[in-house]
Amino acid sequence: MSILFHNVTFDKINIYKKTIKKYFKDEKIISINDYKKFNDVEYAIIWDLPDIVLSKLKNLKVIFSMGAGVDHILKLKNYDKKIPIIRIKDPEMGKRIANYSLAQILNYQLNFKIFQNSQNKKYWSGERTPIDNENLTIGILGLGFLGTYIAKVLIKLKYNVIGYKKSIVRSSNIKTYSKKNLNKFIKNSDIIISILPATPQTDNIINTSFLKKMKKKSCLINIGRGNAIDENALIKHLKRNKEFYAYLDVFKNEPLKSSSKLWTLPNVTITPHVAGVTAIESAIKYMFKKYKMYKKNNTLKSDIKSIKNFY
Ligand code: OXD
């Protein structure tokens, strides 16, 4: 039997291939060009698989997403909900996305964007007092596996951290708001980190009314999915509120078109969907652990349900 491996987006694809071969020794690894062998495919390790290919995999048993998100699979018309999807829940990815979040928080907190903008104009902007960690409340919008990981790292660094989640888990020691008090969550946050999955419920959740409730001198970091932000509303908000900053890693349409106004606004920082780059060795090891569980029990709990619980 075989594993279909497909990813034309990520860095270091050859290392992925080698690592998959190292762990999945008993399986043949094939690509989308080996269409004659599609009937042998029981497992798929994928990112952005063409829907037409999925429609041809008649014996597929488990799909492994190569990232934390699964929207690239759920959007495919030929995805059959009975096939479990395993997404990466990896502390190594947690470390990376926490580092990214921290970098952008510090960027805002230490006024680096202001200094960068003055450097571009060859202008010495003078001293500005930074905000101390204890005086910043970071709101994590989407307290799932990665959101919680980030929260714990920030708490260790003495930031005040609050979270937003659809259903509140009592055991968590992070002050968590649910749907009915979303407004309080927004108003109490100095910085909001959106780490929401792309679902119909999260579409444009960060719209004009959401942005107006945020503090005027504030910052929004989006490391979840671009669908969560109404980009036109954000552009208007950024133009009106010069002390409001946006650090954006994900967009409605990726790559972000060169015609987007976001590129040129002085209060925006853009990165190309790199906040939570997959850590190859630990991710493939995680998939292999799930694969062995499937082999043993002939069934596997899909990750789709858990995703619906944290927006
Ligand atoms: C994602 C990832 O799902 O980078 O966006 O893992």
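The values are calculated or read from the model by the stated rules, or taken from the named source; none is laboratory data. The structure presented is a predicted model; accordingly, all values stated were derived computationally and were not measured. Cβ: placed from backbone, ideal geometry, glycine included. Neighbour counts: every protein chain shown. All accessible areas refer to the heavy atoms of the entire protein, side chains included, with ligands and DNA or RNA removed. Shrake-Rupley method; radii C 1.70, N 1.55, O 1.52, S 1.80 Å.
Results, tabulated for the structure shown:
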quantity: Scope region 255-273; condition within 16 Å of the ligand (Cβ to nearest atom), outside any strand (DSSP E or B) and surrounded by 13 or more Cβ atoms within 10 Å (Cβ to Cβ); matching residues; calculated: L256, T271, H273
quantity: Breaking point among (1) farther than 30 Å from T19 by Cα; (2) within 21 Å of the chain's Cα centre (by Cα); (3) open to solvent by less than 50 Å² (accessible area, probe 1.4 Å), for K252; calculated: (3)
quantity: Unique match (being closer than 24 Å to Y35 by Cβ, outside any loop (DSSP other than H, G, I, E, B), more than 14 Å from the chain's Cα centre (by Cα) and more than 16 Å from the ligand (Cβ to nearest atom)) among I83, I52, I63, I73; calculated: I52
quantity: Residues within region 115-135 that are assigned to a helix (DSSP H, G or I) and over 23 Å from S101 (Cβ atoms), tallied; calculated: 3
quantity: Among (1) in contact (Cβ under 8 Å) with a residue 24 or more places away in the chain; (2) farther than 23 Å from V268 by Cα - the single one G147 does not satisfy; calculated: (2)
quantity: Selection count, region 274-305, where residues are polar (S, T, N, Q) and open to solvent by less than 70 Å² (accessible area, probe 1.4 Å); calculated: 3
quantity: Residues located in region 35-54, provided they are within 19 Å of V8 (Cα to Cα), open to solvent by 10 Å² or more (accessible area, probe 1.4 Å) and not hydrophobic (A, V, I, L, M, F, W, C); calculated: Y35, D48, P50, D51
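Table: residues versus (1) in a helix (DSSP H, G or I); (2) in contact with a Phe, Trp or Tyr (Cβ under 7 Å, 6 or more places away or on another chain); (3) among the aromatic types (F, W, Y).
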{"site": "I155", "(1), (2), (3)": "yes, no, no"}
{"site": "V161", "(1), (2), (3)": "no, no, no"}
{"site": "N181", "(1), (2), (3)": "yes, no, no"}
{"site": "I193", "(1), (2), (3)": "no, no, no"}
{"site": "L196", "(1), (2), (3)": "no, yes, no"}
{"site": "F210", "(1), (2), (3)": "yes, no, yes"}
{"site": "K215", "(1), (2), (3)": "no, no, no"}
{"site": "L220", "(1), (2), (3)": "no, no, no"}
{"site": "K242", "(1), (2), (3)": "no, no, no"}
